[in-house]
Amino acid sequence: MSDLKVTVLNALHRELGAKMVPFAGYEMPVQYPVGVMKEHLHCRAHAGLFDVSHMGQVIIRAPGGYAEVAGAMDRLVPVDVAGLADGRQRYAMFTNDQGGIEDDLMVARRDEDLFVVVNAACKDADIHRMTEGMPGCDVLPVTGRALLALQGPAAAHSLEALAPGASDMRFMDIAKLDSDWGELWLSRSGYTGEDGYEISIEEGQAEAFARALLDQEAVAPIGLGARDSLRLEAGLCLYGRDIDTQTTPVEASLGWAIQKVRRAGGDREGGFPGADVILPQLTDGAARRRVGLRPEGRAPMREGTALYESEEGGEAIGQITSGAFGPTIEGPMSMGYVPTNLAGSGTTVYGDVRGKRMAATVTALPFTPANFKR
């Protein structure tokens, strides 16, 4: 792993006994000594601390202020960036001319600037895309800041002790708050389905701040393994697995993220890559859909498992994109794509597991209800 990048918390992960693995070009903790199952359940019951410093943080500004920045970003994504209120954030996605998803990201309005967080594996391509696709705007990668995620029902109480005012934030609010570790850039969001925060902090203060959080009884370190099972229970997509350049937002059941103003008949209809594919799908539906699946028995149906309409014969009609055992639901769970006529809850499909077709029931997502603070 000598060629991998490391985050500023690498030494702390090792001190805490983390098992380190390659992920998106970085050496990252996949689990700590207590194991993935206990980490997952601790986050659901208390609070978990995640190192997400490998992700990309970007500030975008322009001479014309937020209106110019938002107008430029609206040409790259199908969501309503121009309509974002100051201090608010929303989920977005870069699309291509075929309607496929190039990456998913978070966009937040900070006064006249746009603050963007992109996935680690795509951040270089995303920064190039924004630089080329937003002429007149300054696309400024943020350097020297780590990014942490604090997730779980005890997250607000734990962070409030270190950054007064954090608990006053609502889901998808953003704020800058003072602390003993310098200015924190906060968003009340995350990718576990739990209440929580993403916290941008100066790299030089990140380890001391992380230790201060971990000194609280409610907070435990959580690795990539539990992060994956938590987001899957929450029905959330992992880029490169559940969504990719060949998958449209409608196929991925992400149509909720496309506001009315960008849809057919809206005040700012279309104008983004792939609009001629995505807008008709929003109106008429797509040929396939991402669904939740509950396999029978205890064994998960994992990524790549072929799906069939019947127990015997016929061609594959879809496949699993993510699958794992859900500690909270105490059973296996999967997400995958099936034809729209088979996407209704309660439909039975069959996954090919080691040459034997096993039944799985189409289930509404999320598997575990979200606990966001509205």
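The values are calculated or read from the model by the stated rules, or taken from the named source; none is laboratory data. Keep in mind that what you see is a predicted model, and the values were worked out from it rather than measured. Glycine also receives a Cβ, built like all others from the backbone with ideal geometry; neighbour counts cover every protein chain displayed. We work out accessible area using only protein heavy atoms, side chains counted, and drop any ligands, DNA or RNA first. Shrake-Rupley method; radii C 1.70, N 1.55, O 1.52, S 1.80 Å.
Brief remarks follow.
- Within the range 104-144, being within 28 Å of Ile222 (Cβ to Cβ), among the aliphatic types (A, V, I, L, M) and in a helix (DSSP H, G or I) holds for Ala120, Ala121, Ala125, Ile127.
- Among the residues making up the range 1-37, those that are touching a residue at least 24 places away in the same chain (Cβ under 8 Å) and among the hydroxyl-bearing types (Ser, Thr, Tyr) are Thr7, Tyr26, Tyr32.
- Flag for Ala82 being in a loop (DSSP other than H, G, I, E, B), out of contact with any Cys (no Cβ under 8 Å at 6 or more places or on another chain) and in contact (Cβ under 8 Å) with a residue 60 or more places away in the chain: yes
- Filter result for Val6 (open to solvent by less than 10 Å² (accessible area, probe 1.4 Å) and more than 28 Å from Ile329 (Cα to Cα)): no
Residue-wise test of (1) within 24 Å of Val69 (Cβ to Cβ); (2) open to solvent by less than 70 Å² (accessible area, probe 1.4 Å); (3) not in a loop (DSSP other than H, G, I, E, B).
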position: Ala146; (1), (2), (3): no, yes, yes
position: Ala149; (1), (2), (3): no, yes, yes
position: Ser158; (1), (2), (3): no, yes, yes
position: Leu162; (1), (2), (3): no, yes, no
position: Phe171; (1), (2), (3): yes, yes, no
position: Lys176; (1), (2), (3): yes, no, yes
position: Trp181; (1), (2), (3): no, yes, no
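- Of the set (1) touching a Ser or Thr at 6+ places or on another chain (Cβ under 7 Å); (2) within 12 Å of Gln205 (Cβ to Cβ); (3) among the aromatic types (Phe, Trp, Tyr), all apply to Trp185 but (2).
- Residue that is nearest to Ser189 (Cα to Cα) [pool: residues in the range 327-374 that are outside any strand (DSSP E or B) and among the hydroxyl-bearing types (Ser, Thr, Tyr)]: Thr368
- Among residues of the range 9-59 being among the polar types (S, T, N, Q) and part of a strand (DSSP E or B), the one that is least open to solvent (accessible area, probe 1.4 Å) is Gln57.
- Checked against the criterion of being open to solvent by less than 40 Å² (accessible area, probe 1.4 Å), closer than 19 Å to Gly193 by Cα and small (Gly, Ala, Ser), the candidates Gly351, Gly318, Gly344, Gly323 yield just one match: Gly323.
- The lone exception for Phe94 - which of (1) open to solvent by 20 Å² or more (accessible area, probe 1.4 Å); (2) over 19 Å from Trp185 (Cβ atoms); (3) not in a helix (DSSP H, G or I) it fails: (1)
- If you go through the range 60-114 and keep only what is aromatic (Phe, Trp, Tyr), under 16 Å from the mean Cα position of the chain (by Cα) and farther than 19 Å from Gly255 by Cα, you end up with nothing.
- The strands (runs of 3 or more DSSP E) located wholly in the range 195-313 include none with 3 or more residues which are β-branched (Val, Ile, Thr) and closer than 26 Å to Glu102 by Cβ.
- Here the condition is being farther than 30 Å from Leu49 by Cα and small (Gly, Ala, Ser); of Gly196, Gly190, Gly285, it holds for Gly285 alone.
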